[in-house]
Structure formats: C-alpha cells, structure tokens
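I have placed the structure first, in the form of structure tokens, so that the comments after it can refer back to it.
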Amino acid sequence: MKIENNPMIIAGPCSAESREQVLNTAKGLAGMDIAYFRAGIWKPRTKPGAFEGVGTTGLPWLVEVKSEYGMKTCTEVANARHVEDALTAGIDMLWVGARTTTNPFQVQELAESLAGVEVPVAIKNPTHPDLALWIGAFERMDRAGVKHLMAIHRGFAVHGQKKYRNAPLWQIPIDFRNRLPHISMINDPSHICGRRDLLAGVSQMAMDLAFDGLMVETHPDPDQAWTDAAQQLTPADFKSMVEALVVRTAKDGSEADGLTALRAEINMIDDALIELFARRMGVSALIGQHKKDQGMTILQNSRWSELLQRNIDLGVAQGIDAEFTSDVFKSVHQASIAIQKRVMQEGAQGEAGKQ
Ligand code: PEP
Ligand code: MN
C-alpha cells in the first residue's frame with residue numbers, strides 16, 4: 001500500500017487511559033490533517049506489573065473520537081482476540097507492535113485472523129535489527145491475503161546505545177524500501193527518541209529520507225502519562241513540530257536518500273565514539289588518582305607499549321591500517337596523560353592549600 005499524500009500523520013496517546021484523556025487528546029489534534037488517531041488499548045510491557053492497557057473498555061472511546069472529531073482510529077493488536085475485538089468495534093487501522101513482529105508464531109496467528117480484511121495493517125520493525133524477520137512478517141500477511149500493508153520504523157534495541165531509546169539505523173528502513181517499494185514507510189520518532197527534545201530532528205530526518213508519514217505519541221499532559229511519559233508531546237507542541245518540518249516534494253527514492261542515511265549512520269557512530277572517549281577519560285582520571293595515592297609515576301612505559309601493540313593488532317585483524325591505529329592512540333594517550341597530570345596537580349594544590 002502506497003500513500004500518495006505526504007506526510008501521512010498518525011497521532012494520539014501511547015495508551016488510552018480514560019475516556020476523558022482520549023477525547024482531550026483528540027480535541028487538541030482536531031483541525032490538523034490527522035490520517036489516524038492512535039491509542040494503545042492493549043500494551044505490551046517489558047516488565048510485569050506495569051500498566052497493560054485498559055483493554056476492550058477503551059474501544060468505545062476511540063469510536064467516540066471518530067464520531068466526535070471525524071478522525072479515523074488505530075490501535076495495536078497482538079493476537080486474534082485483539083483483532084476480533086478491534087474490528088468489531090470499528091477501528092480503522094491496526095498495527096503490529098515491535099515485540100510481536102519478533103515472533104513468527106504470533107505474526108502467523110495474526111495474519112490468519114486478518115485474512116481478507118479491508119482495514120490497513122501496519123507492521124512495526126522487530127525490536128532487534130533483523131530486516132529478514134521484518135520482511136518475513138509482511139510475507140506472512142501477504143500470503144494470508146491481508147491486502148493493505150504499511151511499515152512503521154520505530155528504531156532498534158542496540159546494546160550500549162545511549163542517545164536514543166531505540167537506535168534508528170536508517171539504513172534498515174531504506175533497505176526495506178528497496179526490497180518492498182510498494183509498501184509505505186511511516187516513521188515513529190517517539191519510540192526511537194524516548195525523549196521529546198529529539199523528536200523534531202528525527203522527524204525531519206524521516207522527511208529528508210522521503211518517508212511517507214509519521215506516527216507520533218501525543219498526550220494532553222505528557223508528564224503524567226501512564227506509559228512513555230518522557231517521549232510524548234502535547235497536541236499543541238506536536239502541531240508546532242509538524243508545521244516546522246521541511247517536506248521535500250521531489251521523491252526520487254534515490255542515491256540522495258542513501259547518502260543521507262549513511263551520513264546519519266556516521267553521525268551516530270561518532271556520537272558513540274565521543275561517548276566512549278569520555279568514558280575512557282573518566283577512567284584515566286581514576287587511574288591518575290590511584291597513581292597519586294600509590295606514589296607512582298604517570299608514565300608506565302611497558303604498559304603503554306603493550307596497550308599500543310594490542311590495539312594495533314586488534315585493528316589489523318579488522319582491516320584497519322596499523323599507522324592509523326597508532327596515530328589515534330598516541331593522541332588518546334597524550335590526552336590521558338594530560339588528565340592524569342591535572343588530577344595529580346589538583347591534589348598537590350590541595351595539599352599546598354592545607355599548609
Ligand atoms: C506503541 O506504539 O506504543 C508501542 C508499544 O510501540 P513499539 O511496539 O514500537 O514498542
Ligand atoms: Mn508508546
């Protein structure tokens with residue numbers, strides 16, 4: 001399924017909490033060109049004991065959003081029962097959550113329960129970076145006869161990733177699009193960012209990469225939201241964010257997109273490098289303190305030669321030039337010595353101060 005009007009906007013709270021909260025959100029969004037109003041009725045939670053959604057009680061609230069504000073509605077489904085309940089209530093679009101996409105048994109069950117339905121079904125990427133598994137879910141739906149499919153890119157759990165809740169790994173949705181160009185690709189900046197200050201940048205990136213739409217979590221009082229509080233926007237802030245987006249009109253699906261994605265990848269890797277350097281400097285400062293306490297010299301020549309050789313060998317094993325590794329670590333070592341000196345001097349000044 002390919003969306004022609006760009007961008008398609010899906011907005012609404014992470015979870016339906018109460019009738020009032022759902023209708024208030026819809027009221028705030030009324031007047032914007034919202035393709036679907038979203039709200040999670042059944043919530044897949046990482047840990048037990050957290051709020052797991054209001055369940056079928058919330059479905060009539062979505063029906064009211066439609067009759068009151070004229071917005072089509074959508075919710076997440078994870079099993080055949082959810083599908084039946086949502087379709088019976090008259091929900092207009094369904095999505096498969098990231099945790100569900102990881103499980104072929106569940107996707108198969110869903111596909112069979114969705115066979116022949118007219119409502120669009122969007123499939124989020126699996127939580128981990130596995131393009132084949134994501135595409136496999138589309139194949140299961142397709143074989144079962146689900147006619148209108150869309151993809152939602154919500155980022156990937158990557159160990160050690162700090163800036164984003166889920167690393168965008170833009171190359172994966174781009175590869176997806178090259179494999180299945182007839183499927184619309186929606187970006188979900190909310191679950192990528194995990195915090196609202198990053199939403200505008202990720203949304204703009206999605207527009208620059210010619211994504212077909214955005215799904216953004218909005219809540220009348222984000223800080224009080226029962227789920228995903230840090231990443232939700234008020235409808236008013238959401239409106240300003242959308243108005244500030246620059247949307248490219250030419251959609252050539254091209255090398256330019258590939259280059260933008262690769263540059264974003266480089267930026268992410270640089271972020272990670274800087275974070276690692278900062279952590280390394282922190283450890284250097286601790287070593288400086290230790291050496292000071294033990295009355296040791298800063299430079300331990302044997303340790304340095306051993307470290308340099310070890311890193312050169314590691315680099316060579318991965319095809320990195322020995323000279324490059326040597327240059328990088330000489331700089332890193334200089335910075336490390338400077339930090340250790342500072343730690344020792346601070347200590348010495350402290351001692352002097354006491355006298
Ligand atoms: C959601 O959309 O609220 C949600 C649970 O998303 P995901 O499946 O991407 O984690
Ligand atoms: Mn959420």
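Among the residues in the range 132-140, are any assigned to a strand (DSSP E or B), over 22 Å from ALA16 (Cα atoms), modelled with pLDDT of 95 or more and small (Gly, Ala, Ser)? Looking through the range 132-140, none of the residues is assigned to a strand (DSSP E or B), over 22 Å from ALA16 (Cα atoms), modelled with pLDDT of 95 or more and small (Gly, Ala, Ser). If the condition is being of a type in the set (Gly, Ala, Ser) and open to solvent by 30 Å² or more (accessible area, probe 1.4 Å), then the range 125-143 contributes only ALA132. Selection of helices (runs of 4 or more DSSP H) fully inside the range 229-328 by the criterion of at least 3 residues being open to solvent by 90 Å² or more (accessible area, probe 1.4 Å) and farther than 30 Å from THR218 by Cβ returns 255-294, 301-317.
Just one of the listed residues (GLY58, GLY53) is within 16 Å of ligand 1 (Cβ to nearest atom), more than 27 Å from GLU243 (Cα to Cα) and without any contact (Cβ under 8 Å) to a residue 40 or more places away in the chain, and it is GLY53. Condition check for ALA122 on (1) without any contact (Cβ under 8 Å) to a residue 40 or more places away in the chain; (2) crowded, with 16+ Cβ neighbours inside 10 Å; (3) of a type in the set (Gly, Ala, Ser): one failure, at (1).
The values are calculated or read from the model by the stated rules, or taken from the named source; none is laboratory data. Being a predicted model, the structure only gives us computed values, none of them experimental. Reconstructed Cβ throughout: ideal geometry from the backbone, glycine too, with neighbour counts over all protein chains shown. Heads up: the accessible areas ignore ligands, DNA and RNA and are worked out on the full protein's heavy atoms, side chains in. Shrake-Rupley method; radii C 1.70, N 1.55, O 1.52, S 1.80 Å.
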